[in-house]
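*Asks:* Have a look at this one before I ask anything.
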Amino acid sequence: MIVKAYGARVADKPLEPLDIERRPAGEHDVQIAIAYCGVCHSDLHQVRSEWGGTRYPCVPGHEIVGHVTAVGGAVTRFRSGDTVGVGCMVDSCQHCSACNEGLEQLRERLCRNL
């Protein structure tokens, strides 16, 4: 699916409108039509490749609000049309020991208890 986005083609140029291709929703995915997106300092570091390893084109923004347009077969909590928000931590089950201690970023494996 081709969608409109703002991103950078190289590290030393400003963000610009882009057409990008998004993959179809996988078995555990929620596809979102993004209505609002914040761009924070970590996004800008990534766009400028200040941490290295940036792949271009780079579309920043990992804190979003939008509407669900598709869900994978294993998804049970969300349906098309739901309004959703995604913070900076994703795939957190809130059940494993790291999640229960508020340390989602330290979990040992990808949580799949969504």
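The values are calculated or read from the model by the stated rules, or taken from the named source; none is laboratory data. A quick note: this is a predicted structure, and the numbers were derived from the prediction, not measured. Please note: Cβ atoms are built from the backbone with ideal geometry, for glycine as well, and neighbour counts cover all protein chains shown.
*Asks:* When you look at Ser80, is it polar (S, T, N, Q) and modelled with pLDDT under 95, yes or no? Let's see the steps before the verdict.
*Replies:* Details: polar (S, T, N, Q): yes; modelled with pLDDT under 95: no.
Taking the combined requirement at face value, the residue does not satisfy it.
*Asks:* For Val30, state whether it is at pLDDT 95 or above, closer than 24 Å to Gly7 by Cα and not basic (Lys, Arg). Walk me through how you get there before you give the answer.
*Replies:* Working: at pLDDT 95 or above: no; closer than 24 Å to Gly7 by Cα: yes; not basic (Lys, Arg): yes.
In short, no.
*Asks:* Still on this model: From the residues in region 24-48 that are surrounded by 14 or more Cβ atoms within 10 Å (Cβ to Cβ) and of a type in the set (Asp, Glu), which one is nearest to Arg79 (Cα to Cα)?
*Replies:* Going through the qualifying residues, I end up with Asp29.
*Asks:* Looking only at region 100-113, decide whether some residue is of a type in the set (A, V, I, L, M), outside any loop (DSSP other than H, G, I, E, B), surrounded by fewer than 12 Cβ atoms within 10 Å (Cβ to Cβ) and at pLDDT below 95.
*Replies:* Taking every residue of region 100-113 in turn, at least one turns out to be of a type in the set (A, V, I, L, M), outside any loop (DSSP other than H, G, I, E, B), surrounded by fewer than 12 Cβ atoms within 10 Å (Cβ to Cβ) and at pLDDT below 95.
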